[in-house]
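The values are calculated or read from the model by the stated rules, or taken from the named source; none is laboratory data. No experiment lies behind these values; they were computed from the predicted model shown. When we count neighbours, we look across all protein chains shown, and the Cβ atoms used for this are built from the backbone with ideal geometry, even at glycine.
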4 protein chains.
Amino acid sequence: MKQLLIAVIGTNEGSARMKKTAFELGREIARRGHYLVCGGMGGVMQESCRGAKSVGGTTIGILPGKTKGDANPYIDIPIVTAMSHARNAVIVRTGDAVVAVGGRYGTLSEIGLALCMNKPVYGLNTWKIPGIKRKASPRAALDAIERRLPLSQNLRTSPA
Amino acid sequence: MKQLLIAVIGTNEGSARMKKTAFELGREIARRGHYLVCGGMGGVMQESCRGAKSVGGTTIGILPGKTKGDANPYIDIPIVTAMSHARNAVIVRTGDAVVAVGGRYGTLSEIGLALCMNKPVYGLNTWKIPGIKRKASPRAALDAIERRLPLSQNLRTSPA
Amino acid sequence: MKQLLIAVIGTNEGSARMKKTAFELGREIARRGHYLVCGGMGGVMQESCRGAKSVGGTTIGILPGKTKGDANPYIDIPIVTAMSHARNAVIVRTGDAVVAVGGRYGTLSEIGLALCMNKPVYGLNTWKIPGIKRKASPRAALDAIERRLPLSQNLRTSPA
Amino acid sequence: MKQLLIAVIGTNEGSARMKKTAFELGREIARRGHYLVCGGMGGVMQESCRGAKSVGGTTIGILPGKTKGDANPYIDIPIVTAMSHARNAVIVRTGDAVVAVGGRYGTLSEIGLALCMNKPVYGLNTWKIPGIKRKASPRAALDAIERRLPLSQNLRTSPA
């Protein structure tokens, strides 16, 4: 693949500051040509998608409910799971790397699941959990991800 | 949204004839600007994706296993569920419409799930189950889908 | 284990005749000392549980919704999945054998899933699908299950 | 229902001390007539089940893999999900209350999921997360659970 899938995790709400960070994170992901995957709902999730779309990126929402109508308006590809919080496991497993922005208990569960799966997890003002690589900015998080997961080693090769 | 998500369901294997139909179906979906979602594996799934990519389409694979490395090489966006056959429910719920090509028991389960969810289900040489709209060709299936689900009524609107 | 887990699949509604068959099936399962697992809701599911409880059996409901309050009143052990139809895969995988009573599309999906997983599937007035072993009565279905799955070969051994 | 379903969460491994606590917790749950639900695997999960069975309790294992053969030998009722870590959401949603014993990242994810769902979560030497009610002993945890969830208010009523 020519790009990574980067999971953005964060709450359905989120402070103004968290939302600003989320917007910048989404924009940075898309600017570098990666795809953004998230839970598809509002708050931090929506702002990261809005950031990605502001530079023409691609956004995927793994939705908890039964209809794609639940997705925030910046989701390109709504995946409709109808499996409530169990979908958290799908979000982080789909990501090549995971970035947490702030967050409450849902985000905590996703951090736990991602670390269980040995996914690299980066944190921007999020829970203090051993194993999270804390970063000062979206740019720093993306720099670290690209160092750790160079595209030249991305095992799946697509003819696309 | 400017396009529909069309779920293609069919077996991991499939006869030469089924695979040819699947290729044509994927090509027809993509030619009309829609996205193709499937189980992401081989056989009918792979051929439909190959068809879609032959005209520059977008393909999404809802994978049963734990790694995106399982996806067929024509999948653009691998969704890694690690939930085995339970992911069948996610494939059909994500599709605005479902097209079955041939198929064995997995396909039968997806037909049952889709009809449970009141999704329109079209069949190309597949199981004879009441509720499936049988069509003679991929083109006829897509014509019927577009008549039933005009984009002007596609409720989600995306700024993208 | 000293008993089998037998999955009963059938619709949330069901005719009077189907419900009578379901009651007898549940009673027969429990009378022979086996556990009954089902989707936990009404109709055929509820009647099979009522039959099992009429002779002191044990019933397990794999529920689609978010609360155990959805379970029918004859469920001893409600498993709360909150994953809608995706839970159909859990019902049939949990059963050592599957018995279908009548049924509509949900039941069809469970038949497909069970046959995918190579589970033995027995049918009482249900869908005509190759691979289903059709039986004339609950007793005949249980006789066939016990011949196929003798407890002496039930691999898990529990100290209980 | 005449009893609660109490979810025990903890690692597949666990120190000798953690396992001793888990054994005592399982025994205390069963002694008071409640059912124990857990992930069904080894370590803390197995010891809690062993404790419950030592006094004739009932144990339910929500398994991540594809076969009931994965269950620890003290599981009475193996629920076979084949959905890997996504089953963590089912464990905590099935519990009326959740007790964490020690634990690593999987346990952390279950704590996050349970708090998301507004389940009461009790901790015995586990992660320090706001919202967990920390207790000094299994007995203290059970006392707190029974104060919070008196059986007289347990909404589901079963004829059993």
> Do we find that C:S48 is more than 12 Å from every other protein chain (Cβ to nearest Cβ) and at pLDDT 95 or above in this structure?
Replying inline: yes
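Look at B:T67 and say whether it is more than 27 Å from C:R104 (Cα to Cα), polar (S, T, N, Q) and more than 16 Å from the chain's Cα centre (by Cα).
Against the criterion (more than 27 Å from C:R104 (Cα to Cα), polar (S, T, N, Q) and more than 16 Å from the chain's Cα centre (by Cα)), B:T67 qualifies.
Select from the range C:82-100 the residues that are part of a helix (DSSP H, G or I) and of a type in the set (A, V, I, L, M, F, W, C) and write down the one among them that is farthest from C:I29 (Cα to Cα). Walk me through it before giving the result.
Residues of the range C:82-100 part of a helix (DSSP H, G or I): C:84-94.
Pick out the ones that are also of a type in the set (A, V, I, L, M, F, W, C) and you get C:86, C:89-92.
Working: C:A86: 25, C:A89: 21, C:V90: 20, C:I91: 16, C:V92: 16 Å.
The extreme case among them is C:A86.
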> Is there a residue being farther than 25 Å from B:V92 by Cα and surrounded by fewer than 24 Cβ atoms within 10 Å (Cβ to Cβ) anywhere in the range A:56-70?
Replying inline: yes
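Looking at A:R27, is it surrounded by fewer than 24 Cβ atoms within 10 Å (Cβ to Cβ), assigned to a helix (DSSP H, G or I) and under 13 Å from the mean Cα position of the chain (by Cα)?
Values: surrounded by fewer than 24 Cβ atoms within 10 Å (Cβ to Cβ): yes; assigned to a helix (DSSP H, G or I): yes; under 13 Å from the mean Cα position of the chain (by Cα): yes.
So A:R27 fits the description; yes.
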> Looking at this structure, is C:A52 over 30 Å from B:P64 (Cα atoms) and in contact (Cβ under 8 Å) with a residue 12 or more places away in the chain?
Replying inline: yes
> Is there a residue being surrounded by 22 or more Cβ atoms within 10 Å (Cβ to Cβ) and within 14 Å of chain A (Cβ to nearest Cβ) anywhere in the range C:8-23?
Replying inline: no
> If we keep just the residues of the range D:97-123 that are touching a Leu at 6+ places or on another chain (Cβ under 8 Å) and within 16 Å of D:L36 (Cα to Cα), which is nearest to the other protein chains (Cβ to nearest Cβ)?
Replying inline: D:V121
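Going residue by residue through the range C:71-81, is there one that turns out to be assigned to a helix (DSSP H, G or I), on the phi < 0 side of the Ramachandran plot, at pLDDT 95 or above and in contact with a Lys or Arg (Cβ under 8 Å, 6 or more places away or on another chain)? Quick ask: steps written out before the conclusion?
The first filter runs over the range C:71-81 and keeps only residues assigned to a helix (DSSP H, G or I), leaving none.
Within the range C:71-81 (the criterion being assigned to a helix (DSSP H, G or I), on the phi < 0 side of the Ramachandran plot, at pLDDT 95 or above and in contact with a Lys or Arg (Cβ under 8 Å, 6 or more places away or on another chain)), the answer is no, since none of the residues qualifies.
Restricting the search to the range D:79-93, which residues are touching a strand residue (DSSP E or B) at 6+ places or on another chain (Cβ under 9 Å) and either within 11 Å of chain A (Cβ to nearest Cβ) or crowded, with 24+ Cβ neighbours inside 10 Å (or both)? Spell out the reasoning first.
Taking the range D:79-93 as the starting set, the residues that turn out to be touching a strand residue (DSSP E or B) at 6+ places or on another chain (Cβ under 9 Å) are D:79-82, D:87-88, D:90-93.
D:I79, D:V80, D:T81, D:R87, D:N88, D:V90, D:I91, D:V92, D:R93, listed by residue number.
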>> If a residue must be closer than 14 Å to C:L149 by Cα and of a type in the set (K, R), how many such residues does the range C:1-23 contain?
In response: 1
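Residues in the range D:101-109: is at least one under 26 Å from C:T58 (Cβ atoms) and either crowded, with 24+ Cβ neighbours inside 10 Å or among the aliphatic types (A, V, I, L, M) (or both)?
First, pick out the residues of the range D:101-109 that are under 26 Å from C:T58 (Cβ atoms): none.
So far as the range D:101-109 goes, no, none of its residues is under 26 Å from C:T58 (Cβ atoms) and either crowded, with 24+ Cβ neighbours inside 10 Å or among the aliphatic types (A, V, I, L, M) (or both).
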> How about the range C:20-78: which of its residues are within 19 Å of D:Y35 (Cα to Cα) and among the polar types (S, T, N, Q)?
Replying inline: C:T58, C:T59, C:T67, C:N72
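Out of B:G40, B:G61, B:G65, B:G103, which single residue is closer than 23 Å to C:G112 by Cα, out of contact with any helix residue (DSSP H, G or I) (no Cβ under 6 Å at 6 or more places or on another chain) and in a strand (DSSP E or B)?
Values: B:G40 fails: in a strand (DSSP E or B); B:G65 fails: in a strand (DSSP E or B); B:G103 fails: in a strand (DSSP E or B).
Residue meeting the stated conditions: B:G61.
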> Counting only residues that are closer than 23 Å to D:G112 by Cα and basic (K, R), how many does the range A:68-100 have?
Replying inline: 2
>> What's the number of the only condition in (1) β-branched (V, I, T); (2) within 9 Å of chain D (Cβ to nearest Cβ); (3) in contact (Cβ under 8 Å) with a residue 60 or more places away in the chain that A:I129 fails to meet?
In response: (3)
>> Looking for something touching a Cys at 6+ places or on another chain (Cβ under 7 Å) and free of Cβ contacts under 8 Å to residues at least 24 places away in the same chain - is there at least one such residue anywhere in the range B:100-108?
In response: yes
> Assuming C:S137 fulfils every condition listed in (1) crowded, with 23+ Cβ neighbours inside 10 Å; (2) small (G, A, S); (3) within 15 Å of the chain's Cα centre (by Cα) apart from one, which condition is it?
Replying inline: (1)
> Out of all the residues in the range B:60-72, is one or more over 28 Å from C:G131 (Cβ atoms) and either within 14 Å of chain C (Cβ to nearest Cβ) or among the hydrophobic types (A, V, I, L, M, F, W, C) (or both)?
Replying inline: yes
